[in-house]
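A short write-up of the structure that comes next.
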Amino acid sequence: MNDNKQYILDNLDKALQEEWITAYYQPIIRAVNGRVCDEEALARWIDPVKGFLSPADFIPVLEEEKLIYKVDLHILDCVLEKMKYMVNTGHFMCSHSINLSRSDFDMCDMVQEIVTRVDKSGIPRDKINIEITESTLVNDFKFMLSQIEKFKRLGFSVWMDDFGSGYSSLNTLARIPFDLIKFDMVFLRNFDQGENSKIILAELMRMAASLGKDTVCEGVETAEQVEFLQEVGCSRLQGYYYCKPVSLEQILERYKTGTQIGFENPAESAYSQQIGEVNLHDLSILNQNDNKGFSNFFNTLPMAIMEIDSDMVRYVRANKAYSDFMEKYFFMKQDRSEVPIKMIMQGPGAAFMLVLKQAAKEGKPMFVDEKLPEGSKAHYYISKITENPVTKRTAIVVAVLSVRDAETGETYANIARALAMDYFNLFYVNLETEDYIEYTSNVGEDEIATEKPGVNFFKAVRMAAPGSLHEEDVDVFLEAFNKENITKVLDEQGTFVLTYRILKYGMPYYVSMKVMRMQNDKKHIIIGVSNVDTQMREKAQLEQAKQDKLVYSRLMALAGDYICIYVIDLKTNSYVQHQATAEFEQLGIQTQGKDFFADTQVNADKAVIEEDREQFKRYHTKENILAAIEKDGVFKSRHHLLINGEPVFVSNRCVLTKENGEDKLIMGIRKV
């Protein structure tokens with residue numbers, strides 16, 4: 001054992017007691033407003049003998065000896081004291097993230113240790129973020145998944161740290177309910193060495209948004225990196241461009257000297273997060289009514305986000321294509337300075353400003369044509385995103401859909417009408433030649449456009465269908481989607497409609513295709529695809545609920561002694577109660593909810609007799625139930641319920657089934 005390692009082990013407890021080991025804080029910046037929205041706490045060992053010990057020297061040693069848990073809990077204590085101090089001295093409270101090691105969970109009940117310390121401090125649990133690297137999941141995946149789910153049930157946010165550092169896989173993102181993904185600095189190391197890193201980062205941001213995950217990019221060091229990450233919708237940034245890790249004393253000194261970055265107002269956090277997550281390389285934002293599960297992205301159209309109130313307007317964010325558009329057609333550089341609306345209303349931008357104000361007021365997507373200085377016409381899409389609850393300013397997205405001369409204006413007008421009907425994917429097809437135009441942009445070109453022409457439309461679609469559609473829908477789609485059938489239906493009914501499921505990141509989403517003939521032009525059709533996933537799933541759930549009610553009522557009639565049946569969605573933990581008897585209903589337990597296992601723990605306090613309660617809680621967790629089913633094919637338990645003030649002995653029986661391809665738990669409660 002080398003001397004340095006032995007010194008670390010011999011002096012660890014003293015270093016903690018004497019606070020040679022302390023927390024340094026690196027700010028995490030909200031990309032859209034430049035304010036500190038989170039801070040990451042990092043362990044630093046400043047030794048009276050050895051001087052500054054690098055984390056690379058002492059952390060691996062302590063992890064190897066399974067002593068790192070002492071440091072991680074000490075850092076949490078430092079964080080809680082610092083947060084209380086900052087609030088007491090009049091600063092905004094931002095959330096703090098702490099890093100945990102895999103061995104932490106072997107040496108103590110880490111979840112309970114953190115809960116106890118946080119609750120004792122009075123700091124809200126949702127202000128502490130738990131950072132876990134994917135490498136901690138390699139050994140005993142199920143156990144670590146249970147710990148992460150427990151953190152989330154208890155109100156903590158859990159972040160995946162160092163995504164892309166070598167261990168990361170997309171499969172883990174799908175299986176683990178992380179709230180946020182921290183992209184490793186490796187993505188930015190090669191930022192200036194070609195387009196590949198940028199393309200990968202842009203696609204990863206889209207994927208994260210589609211999965212509903214927030215994002216942080218580490219290792220930000222240049223203004224160019226900041227600008228790019230803002231464009232692609234990375235909502236938070238971290239790196240030396242803003243600040244290296246600093247002590248609490250250094251943070252306070254910055255406030256004294258006026259050199260601080262400044263904390264975000266928590267009341268504006270949700271607003272800033274929402275407009276910061278918009279990917280300005282992704283026009284799925286244009287479909288505001290249902291923005292989940294899009295399959296097609298329209299890339300690098302000129303897009304910007306503006307803020308407007310009754311007096312002022314300003315740009316908040318814009319991609320490079322929009323900046324180029326402003327410079328090319330208006331000979332001006334776009335900046336973020338506020339401009340009085342009165343001044344704009346006196347110039348050529350008055351009509352455009354009226355549409356902005358109308359969009360802010362009504363919240364409806366709008367289309368507007370604007371004549372450009374050199375005579376061509378720009379076609380804009382404008383829609384409200386959200387409103388700042390503090391300043392009352394409204395955020396609006398503006399996209400330049402196309403720039404055309406007057407002769408092609410009628411074609412665009414029809415396209416705009418179709419877009420207004422909430423279609424997110426459009427094709428303009430010549431029925432005679434089968435030539436078509438897909439409304440997108442040519443990635444990487446400077447010319448602003450929304451068109452990509454193609455040939456043999458129906459053949460191209462049919463060839464793409466097997467790899468793009470849910471396997472159960474392919475045959476039905478191919479049978480219906482051909483030129484002869486579509487033409488026949490259009491002649492008879494005026495419109496052709498087809499609902500089917502597409503695959504995105506391996507997940508099925510319902511979409512609806514509507515085909516219409518162009519007005520006064522019978523040889524052209526326009527095909528629009530809209531996202532109807534939410535509506536279809538709600539309809540399916542309603543039908544399933546009706547069927548379930550019938551099935552379970554018959555089951556209970558036959559069985560006789562069941563007093564309640566639950567159906568639990570294993571993916572979401574949501575649940576529905578079926579056919580509870582009158583005596584079970586008097587327990588006052590809710591009949592449906594978002595988290596069966598969390599609600600079960602709460603309900604036990606009033607429904608299970610005191611003598612059985614603790615054992616019931618320990619046994620009735622998701623992890624234990626699934627483990628028993630995996631081992632024996634069924635989960636069984638017995639306990640006493642307190643019904644009408646009297647103990648009633650009951651048994652629970654739970655099995656795993658599949659309904660419409662989704663895993664469900666069926667739990668029945670019966671008298672013994």
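Past the 18 angstrom mark, what percentage of all C-alpha to C-alpha distances in region 171-217 do you count?
For region 171-217, the share of Cα pairs beyond 18 Å comes to 31 percent.
One-quarter of the Cα convex hull surface for region 47-135, in nm²?
Here the figure is 7.1 nm², rounded to one decimal.
With a cut-off of at most 11 other beta carbons within 10 Å, and DSSP calling the residue loop, which GluC sites (Glu not before Pro) in region 186-246 qualify? Please list them.
Sparse-neighbourhood loop GluC sites (Glu not before Pro): Glu195.
Any idea of Lys377's accessible area? Nearest 10 Å², probe 1.4 Å.
We get 80 Å² for Lys377.
Counting alpha carbon pairs within less than 8 Å and at least 6 residues apart, what relative contact order, in whole percent, applies to region 1-44?
So the answer I get is 32 percent.
Could you grab the relative contact order for region 1-82? Cα pairs under 8 Å, six or more apart, rounded to a whole percent.
Across region 1-82, relative contact order equals 27 percent.
Taking 1 over the mean of 1/r across every pair of different Cα atoms in region 12-57, what Kirkwood radius in Å do you get?
It works out to 12.2 Å.
Residues of region 1-39 with the amide nitrogen closer than 20 Å to a label point 7 Å from the Cα of Thr391, along Cα-to-Cβ, please.
Residues passing the 20 Å test: 29-38.
Above 14 angstrom, tally the Cα pairs of region 144-239 and express them as a % of all pairs, no decimals.
For region 144-239, the share of Cα pairs beyond 14 Å comes to 65 percent.
Residues with amide H under 5 Å of Ile28's amide H, sequence separation 5 or more or different chain, H placed in the peptide plane at 1.01 Å from N; which?
Cys37, Asp38, Glu39, Glu40
Order the peptides 386-392, 175-181 from the highest to the lowest mean number of other Cβ atoms within 10 Å of their residues.
Per-residue mean Cβ counts within 10 Å order the peptides as 175-181, 386-392.
Need one value: the accessible area of Arg393 in square angstrom, 1.4 angstrom probe, rounded to the nearest 10.
40
Nearest 5 percent is fine: what portion of the DSSP beta bridges confined to region 3-146 is antiparallel?
Antiparallel bridges: around 65 percent, rounded to the nearest 5.
Mean shadow of region 58-213, computed from the convex hull of its alpha carbons, in nm²?
Its average projected convex-hull area is 10.7 nm².
Whole-Hz ³J(HN,Hα) for each residue in region 203-220, computed from phi via Karplus 6.51 cos²θ - 1.76 cosθ + 1.60 with θ = phi - 60°, x for glycine and proline: what do you get?
3J(HN,Hα) across region 203-220, in whole Hz: 5, 5, 5, 4, 4, 4, 4, 5, 7, x, 9, 6, 9, 10, 10, 8, x, 6.
Ignoring ligands and nucleic acids, what accessible area does Glu39 show with a 1.4 Å probe (Å², nearest 10)?
Here the accessible area works out near 10 Å².
Computed over the Cα atoms of region 106-146, what is the ratio Rg over Rh, Rh following Kirkwood?
1.03
Between region 152-228 and region 69-125, how many Å separate their Cα centres?
Using only Cα atoms to place each centre, the spacing works out to 24 Å.
More than 20 Å apart: what percent of Cα pairs in region 1-104 qualify?
44
The values are calculated or read from the model by the stated rules, or taken from the named source; none is laboratory data. Bear in mind that the values here come from a model prediction, so they are computed numbers and not experimental data. Neighbour counts are summed over all protein chains in view; Cβ atoms, including those assigned to glycine, are modelled from backbone coordinates with ideal geometry. Accessible surface is based on the protein model in full, side chains and every heavy atom, while ligands, DNA and RNA are left aside. Shrake-Rupley method; radii C 1.70, N 1.55, O 1.52, S 1.80 Å.
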